[in-house]
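Notes follow once the structure below has been shown.
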Amino acid sequence: MLCGEYAFQAVLADEAFLPLYKGSTFRGVFGRALKAVVCALKHQECQDCLLRRQCIYTRVFETPPDSREPGRPSPPHPFVIEPPDTLKTHFLAGEDFNFTLLLFGPANQYLPYFVYAFEQMGQIGIGRQVQGRRARFVLKSVSSAGQDIFDAAHRTLTPVRAGELTLPRASPQESVTALTIQLLTPLRLKYHNRLQAELPFHVLLRAALRRIATLNSHFGDGEPNLDYRGLTARAQEVTTTHSTLHWYDWQRYSHRQDQAMLMGGLVGEVGYEGELGEFLPLLRYVEKVHLGKATTFGLGKLGLEVRG
């Protein structure tokens with residue numbers, strides 16, 4: 001599966017007041033900016049639009065209902081926005097303000113639209129209104145794999161091919177008996193149709209397998225040929241050694257639903273012991289693409305530390 005990672009460098013034009021977790025702010029304004037950039041029929045509702053199957057906005061944000069296979073969940077969104085990694089909420093004009101965009105599969109070919117949408121997002125503004133206006137920012141550059149691909153001053157965007165994200169098989173000689181998972185942004189997982197307030201290893205692995213299977217089914221070469229039943233059975237033999245996991249509630253406002261919504265999830269770290277070598281490639285994969293629900297907000301970002 002193609003997986004592009006694009007680092008956006010911006011500078012704030014105004015003083016900004018942002019929430020502790022900034023993912024919802026970014027996703028919401030980005031959606032409005034992208035729709036304004038690409039929508040051909042400005043006053044047409046997406047679900048009634050004849051262009052919905054070919055529209056970049058609906059492909060990215062509003063998956064058409066008739067594209068959903070009967071009895072199967074909605075296709076995943078082909079992007080993740082990783083907001084600034086800081087708990088800072090007050091920013092001054094002139095401060096740097098950087099973030100990352102991950103694109104999966106064919107969505108990488110729409111990168112010019114996304115860059116332009118982020119420029120428009122900077123003009124719309126983000127965060128809490130101050131004197132009737134949200135904080136604006138100016139997009140300076142975009143880079144990928146250490147290479148500058150967009151120069152705002154010269155209005156140039158260099159074509160770049162996204163990297164291939166593959167699922168390597170564990171080496172038979174690879175022995176891993178202990179690891180620690182750090183939940184860097186809130187993780188929202190459902191097991192037996194309930195959000196989880198703890199994280200047994202088999203629940204983590206089931207979620208990783210779902211994420212890998214759905215991403216590759218829709219944006220890659222098809223669902224990987226994995227021993228799903230055997231992997232989940234062996235995952236139940238892995239034990240939890242320590243945990244500082246706790247539930248963190250944060251609130252976002254949905255303009256579409258016109259209401260505030262709680263978006264809690266697990267944060268902290270958890271350690272596991274057992275025969276973990278065969279699971280490591282799966283966990284390394286989701287470490288790159290995020291895990292769980294609401295990944296477009298940047299939720300479900302993991303960090304792995306192999307300890308033995």
TODO: Output the number of residues of region 262-293 satisfying the condition of being part of a loop (DSSP other than H, G, I, E, B) and buried (at least 21 other Cβ atoms within 10 Å of the Cβ).
DONE: 4
TODO: Filter region 9-18 for residues that are more than 17 Å from GLU82 (Cα to Cα) and not in a loop (DSSP other than H, G, I, E, B) and give the result.
DONE: LEU12, ALA16, PHE17
Task: Failed item, numbered, when TYR21 is tested on (1) more than 21 Å from GLU82 (Cα to Cα); (2) part of a loop (DSSP other than H, G, I, E, B); (3) touching a residue at least 60 places away in the same chain (Cβ under 8 Å) - done: (1)
Open item on the list: Anything in region 69-104 that is touching a strand residue (DSSP E or B) at 6+ places or on another chain (Cβ under 9 Å), farther than 22 Å from ALA33 by Cβ and of a type in the set (Gly, Ala, Ser)? List them, or say none.
Closed with: GLY94
- [ ] Report the residue count in region 202-233 for those that are under 24 Å from GLY271 (Cα atoms), under 20 Å from the mean Cα position of the chain (by Cα) and among the small types (Gly, Ala, Ser).
- [x] 2
Open item on the list: Against the condition modelled with pLDDT of 90 or more, more than 19 Å from the chain's Cα centre (by Cα), part of a helix (DSSP H, G or I) and surrounded by fewer than 18 Cβ atoms within 10 Å (Cβ to Cβ), how does GLN109 come out, does it pass?
Closed with: no
Open item on the list: I'd like the full set of residues that are modelled with pLDDT of 80 or more and farther than 20 Å from ARG234 by Cβ, limited to region 186-197.
Closed with: PRO186, LEU187, ARG188
- [ ] Check PHE219 against each of (1) over 24 Å from GLY277 (Cβ atoms); (2) surrounded by fewer than 20 Cβ atoms within 10 Å (Cβ to Cβ); (3) touching a helix residue (DSSP H, G or I) at 6+ places or on another chain (Cβ under 6 Å) and name the one condition it does not meet.
- [x] (2)
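The values are calculated or read from the model by the stated rules, or taken from the named source; none is laboratory data. Not measured: the values here are computed from a predicted model. Positions of Cβ are backbone-derived with ideal geometry, glycine not excepted, and every protein chain shown enters the neighbour counts.
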